[in-house]
Amino acid sequence: MAPETPSSKVVGTVVCLPVHDLDAALVFYRKVFGVPDLEVSDGIILVELPHLSLFLIEESTFESYSRKAGRGVSYPGAGTGVILSCAIESAQALDGMLEAVASHGGSVVKQAAVEAETGLYIGYFFDPDGHHWELAYSGESR
């Protein structure tokens with residue numbers, strides 16, 4: 001008989017990403033995500049998004065955490081990494097975010113368009129450190 005799995009309920013989710021330049025990340029996330037009150041504290045920028053806390057961590061600080069699990073620091077490269085996806089409140093807001101990406105050090109890799117398979121209005125970009133983001137609007141009011 002297998003042992004019982006203890007009951008648990010996740011009460012929060014945090015994604016931690018390494019960054020090369022905290023000042024550049026600070027400006028980028030303030031402007032693209034419209035969070036003007038971001039600050040750097042102890043080598044970390046905390047970006048509070050709905051149902052997600054995003055920690056943008058200066059490289060040496062990130063490495064000190066990562067070494068605890070026997071890992072180092074790595075950035076996304078060809079064929080590696082994760083896609084961070086956000087549901088956006090409107091197509092206009094999504095377009096505005098993509099417009100802000102390039103002027104703040106990121107790169108839009110696919111302009112927003114309606115995908116035939118899903119019917120979602122989706123665009124993709126990389127932040128200044130190459131982290132891959134997907135912005136999606138369902139067409140339904142939120």
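The values are calculated or read from the model by the stated rules, or taken from the named source; none is laboratory data. Since the model is a prediction, treat every value here as computed from it, not as a measurement. Note that we place each Cβ from the backbone using ideal geometry, even for glycine, and neighbour counts take in every protein chain shown.
Find all pairs meeting these conditions: Cβ atoms under 6 angstrom apart; at least six residues apart or on different chains; first residue within region 86-99 and under 22 Å from E48 (Cβ atoms) and charged (D, E, K, R); second residue loosely packed, with under 15 Cβ neighbours inside 10 Å and at pLDDT below 95.
Cβ pairs passing all conditions: E89/R142.
Collect the residues in region 55-79 that are assigned to a loop (DSSP other than H, G, I, E, B), closer than 29 Å to L98 by Cβ and either in contact with a helix residue (DSSP H, G or I) (Cβ under 7 Å, 6 or more places away or on another chain) or among the charged types (D, E, K, R) (or both), keeping them in residue-number order.
Once the filter is applied, which keeps residues that are assigned to a loop (DSSP other than H, G, I, E, B), closer than 29 Å to L98 by Cβ and either in contact with a helix residue (DSSP H, G or I) (Cβ under 7 Å, 6 or more places away or on another chain) or among the charged types (D, E, K, R) (or both), region 55-79 yields only V73.
Are any residues in region 12-25 surrounded by 13 or more Cβ atoms within 10 Å (Cβ to Cβ), under 13 Å from the mean Cα position of the chain (by Cα) and not small (G, A, S), and if so, which ones?
Matches in region 12-25: V15, C16, L17, P18, V19.
So, in region 60-84, exactly how many residues are within 16 Å of the chain's Cα centre (by Cα), surrounded by 13 or more Cβ atoms within 10 Å (Cβ to Cβ) and either over 20 Å from A136 (Cβ atoms) or not hydrophobic (A, V, I, L, M, F, W, C) (or both)?
4
Restricting attention to strands (runs of 3 or more DSSP E) lying wholly within region 84-140, give those where 2 or more residues are among the aliphatic types (A, V, I, L, M) and more than 26 Å from D23 (Cα to Cα).
Result: 107-114.
Among the residues of region 26-54, which ones are surrounded by fewer than 16 Cβ atoms within 10 Å (Cβ to Cβ), assigned to a strand (DSSP E or B) and not small (G, A, S)?
Scanning region 26-54 gives V40, L46, E48, L49, L52.
Only one of (1) in contact with a strand residue (DSSP E or B) (Cβ under 7 Å, 6 or more places away or on another chain); (2) modelled with pLDDT under 95 is not met by A112, so which one is it?
It is condition (2) that A112 fails.
Go through (1) in contact (Cβ under 8 Å) with a residue 60 or more places away in the chain; (2) more than 24 Å from I88 (Cα to Cα); (3) not hydroxyl-bearing (S, T, Y) one by one and return the number of the condition E59 breaks.
So E59 meets the others, but not (1).
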